[in-house]
1. How fast does region 701-820 diffuse by Stokes-Einstein, in µm²/s, taking the Kirkwood radius from C-alpha pairs at 10 °C and 1.306 mPa s?
2. Which distance in nm do the two modelled labels at K302 and E285 give, with both placed 7 Å along the Cα-to-Cβ direction?
3. Could you calculate, for region 329-453, the ratio of the Cα radius of gyration to the Kirkwood radius, expressed as Rg to Rh?
4. Kirkwood hydrodynamic radius (Cα pairs, Å) of region 383-522?
5. Kindly give the semi-axes, whole Å and largest first, of the ellipsoid equivalent to region 632-758, taking each as the square root of 5 times a Cα gyration tensor eigenvalue.
6. Return the whole-Å distance between the Cα centroid of region 429-443 and the Cα centroid of region 547-619.
7. Suppose a student asked you for the relative contact order of the chain, using Cα pairs under 8 Å spaced at least 6 residues apart; what percent would you report?
8. So what is the relative contact order of region 479-567, in percent, for Cα pairs below 8 Å that sit 6 or more residues apart?
Amino acid sequence: MLYFSNLDAITHGKQLQLVEDKVVTDLLTDSRKLLVSPGAVFFAIQGTRHNGHQFIPDLYQKGVRQFVVQDQQLSILAFPGANFLLVANCIDALQAIASYHRQMFSVPVVGITGSNGKTIVKEWLSELLAEYFNLVKSPKSYNSQLGVPLSVWQLQARHELAIFEAGISMPGEMEKLVQVIRPTIGIFTNIGTAHDANFKDEQEKIIEKAVLFHEADLVIYRRDHAKIHEILVQNRPDNQELLDWGNDSEAQLKIIRCDRGPMSAELNLLYRSAELSLTIPFNDEASIENCMHCIAFMLHEKIALSKIQIAVNRLKKVAMRLELKQGINQCYLVDDTYNNDFAGLQIALNFLDQQKQRNDKLVILSDLLQTGMDESELYKKVASVIFGKGVRKLVGIGPGFMRHNALFDDRTTFFETTKNFLNVFQPADYNNELILIKGARVFEFEQIVKQLQQKIHGTVLEISLDALTHNLNYYKSKLRAGVKLMVMVKAYAYGSGSFEVANLLQFNKVDYLAVAYADEGIALRENGIHLPIMVMNPSMDSFNKLLRYQLEPEIFSLNQLGYLIAHMTEIRKEIKIHLKLDTGMHRLGLAAEEIEEAMGNIIPCPFVKIATVFTHLSGADEEAHNEFSKQQMHLFEAMAGQIERVLQRPVIKHVLNSAGIVRFSAHQYDMVRLGIGLYGVEVNQIAQQDLLPISVLKTNISQIKKIKKGETIGYSRKGIATKDLVTATIAIGYADGYSRGFSNGKGQVVINGALVPVIGNVCMDMTMVDITGIPAREGDEVIIFGPGQSIKKLADSLGTIPYEILTNISERVKRIFYSE
């Protein structure tokens with residue numbers, strides 16, 4: 001057992017306070033994703049975008065009593081009941097503790113690295129080997145400097161095999177991870193372009209990744225990646241075995257033939273002089289490569305070919321993400337139906353806990369299979385973590401739940417099989433709930449998702465909550481200490497979904513939200529959003545609603561201000577306002593000559609309180625207007641100063657939008673307003689490389705037609721076949737937000753990696769595209785914007801801006817939110 005008192009020697013730290021020496025059981029790094037237990041230790045990680053030390057008071061109040069810190073100035077007087085360890089760097093300390101833990105076990109450990117496919121190979125290999133080993137694996141994509149030690153910490157005496165993935169983004173990082181993982185077996189998936197900018201060349205990147213295998217007994221890789229082969233052979237230790245596979249004639253596991261069918265691939269292999277035949281249930285190159293890494297491992301372990309084939313037949317594409325979907329009867333679903341282990345359950349419960357759209361929470365959970373834990377102890381822990389997260393009701397499905405139903409209270413119902421559950425399923429039983437659906441593959445919980453999910457139009461907008469968080473953190477990193485952040489969620493959060501985006505922003509503790517109209521703010525309040533909300537264009541008849549829902553109006557005219565003052569004086573209630581100043585935009589706002597009159601009206605009224613004053617830059621996104629922007633800010637400072645002198649106090653001032661945050665960092669004042677940048681578009685094109693695209697708009701092919709030369713396509717016969725064509729009708733039209741302006745070749749979409757043009761006029765619900773020469777089938781995915789075509793490129797083709805493309809996406813297009 002590892003006690004808190006042991007950590008100073010392991011981390012070279014200093015005990016600041018040891019009140020009660022406890023066994024270390026859980027390592028915590030995110031204050032928002034807590035599993036509070038007596039042995040939990042929180043690491044106050046300090047980075048450019050966050051500081052874990054600021055969350056210590058809240059964590060102490062919640063019951064955490066062990067902390068690893070790196071701030072030497074931290075006062076611990078307010079925490080008399082807690083243990084504190086001071087270290088030079090919390091991430092280094094976390095890695096050192098995980099490395100110490102790893103050395104307690106002598107089981108085989110598989111370490112997987114490469115540019116692509118790490119998570120897929122780890123998941124598939126785990127699934128293929130589960131019947132042979134009691135194994136542990138990295139949760140989700142936990143392959144970073146932080147994720148690897150948290151993965152390795154799961155290793156316990158009951159495990160017979162461990163499978164961990166490791167990713168790096170710059171030189172020197174793998175040297176740290178290899179000390180934590182210490183793999184005995186390595187898999188090098190491939191090499192690609194990810195993080196190229198941080199390495200001198202591809203060779204340096206391969207060498208850095210290969211550091212993971214310096215002490216491995218066996219390394220598996222594809223020989224066709226010539227540079228990987230060359231470097232592994234050159235750097236091979238004397239006692240290391242290399243097992244290569246591929247099309248190369250010298251490969252130890254040689255692919256003699258690969259016949260690809262519509263849904264699968266037939267492989268003829270040569271291994272140790274024996275010819276082998278296998279069918280893989282995939283036909284794309286990436287999946288074949290990922291699967292071959294797993295097959296090579298199984299053959300090396302002398303697993304019979306017939307058993308390999310049976311196991312491979314069960315493999316499916318890995319959806320390595322939690323998806324938040326709209327469900328029936330105003331429900332939201334968290335879909336996590338690929339697998340079900342205890343670590344993954346905790347991650348899913350944390351994600352569920354972050355969602356505030358609905359108060360009632362339901363979990364539909366299958367048995368947790370092949371954990372190696374005593375079943376009674378396992379299901380006690382399941383009950384504890386689920387109901388500890390405020391879940392109102394649990395549905396347990398599987399014989400394990402049935403055997404241990406006595407461990408659960410009357411909030412739980414039990415079913416032997418998924419079929420039994422579906423036999424009694426009644427849609428009317430599920431209303432206004434957050435529902436987590438998590439099950440092992442064999443339980444086929446996708447059938448449950450199908451019943452609970454709102455029937456969706458073939459066109460969907462997929463939105464990455466991880467990318468949103470990344471972009472938010474990027475802009476936070478640009479702010480000076482103490483500068484507040486207001487985020488725009490108007491226009492359905494730029495088309496991305498107001499409630500879900502606002503919930504993520506609330507979870508990440510932004511200071512303010514802004515909407516265009518009162519109804520948008522009311523909807524947010526009704527969906528659990530309690531952050532301050534500024535309403536940018538309030539109507540005069542909405543003031544009572546603003547009060548009722550604690551919304552704060554923007555005031556931009558003397559007439560509007562006079563009406564508000566009269567109304568508040570009559571009902572004798574206080575309201576916060578945001579004064580909009582016109583410094584040159586000439587859209588809305590008080591002019592400089594109106595400030596004296598405005599303040600003369602405000603000061604005598606005790607019911608109207610100025611929360612902030614602000615203005616809007618006309619040309620923050622164009623360098624050509626820099627001088628005018630500076631003139632605007634100079635005028636704003638004069639006008640705001642006049643207001644503060646009358647008030648005899650400072651007020652919060654804000655000017656910069658997304659473009660301004662990047663271009664005018666010296667003028668952040670007290671707050672900035674983040675808009676389009678959050679959604680992955682940097683309109684200056686100065687920092688676009690620092691942002692991630694957050695969404696993919698996709699649909700599918702409804703029908704494929706062969707068109708003869710001279711025939712016409714679509715309304716008004718605008719599409720004319722100048723030669724024999726093949727067209728695809730796709731399930732998106734102008735009612736979904738795909739503009740009619742994309743008609744007749746102006747727009748393009750991506751089908752199976754190829755850009756294809758629109759032919760004829762865009763219809764209300766459908767669009768026709770020319771797919772001549774492109775391999776495609778009915779039902780194939782079609783990308784409107786996303787991989788293969790950026791939203792900016794799409795906007796440029798129409799002569800507009802990304803804002804318009806995003807905000808035009810109809811609400812009938814279902815939004816699916818996901819977290820990797």
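The values are calculated or read from the model by the stated rules, or taken from the named source; none is laboratory data. These numbers were taken from a predicted model, which means no experiment stands behind them. Because the Cβ atoms are built from the backbone with ideal geometry, glycine has one as well, and the counts that use them run over all protein chains shown. Only protein heavy atoms, including side chains, enter the accessible area calculation; ligands, DNA and RNA are left aside. Shrake-Rupley method; radii C 1.70, N 1.55, O 1.52, S 1.80 Å.
1. Details: Rh = 14.7 Å.
Result for D is 108 µm²/s.
2. 3.7
3. Numbers: Rg = 13.3 Å, Rh = 14.4 Å.
Rounded to two decimals, Rg/Rh equals 0.92.
4. Working: mean 1/r = 0.0533 Å⁻¹.
Computed over region 383-522, the radius equals 18.8 Å.
5. Details: eigenvalues 533, 48, 30 Å².
The three semi-axes for region 632-758 are 52, 15, 12 Å.
6. Taking the Cα centre of region 547-619 as reference, the centre of region 429-443 is 47 Å away.
7. On the way: 1680 pairs, mean separation 65.4, N = 820.
Dividing the mean separation by the residue count of the chain yields 8 percent.
8. On the way: 115 pairs, mean separation 20.7, N = 89.
Taking the mean separation of contacting Cα pairs over the length of region 479-567, I get 23 percent.
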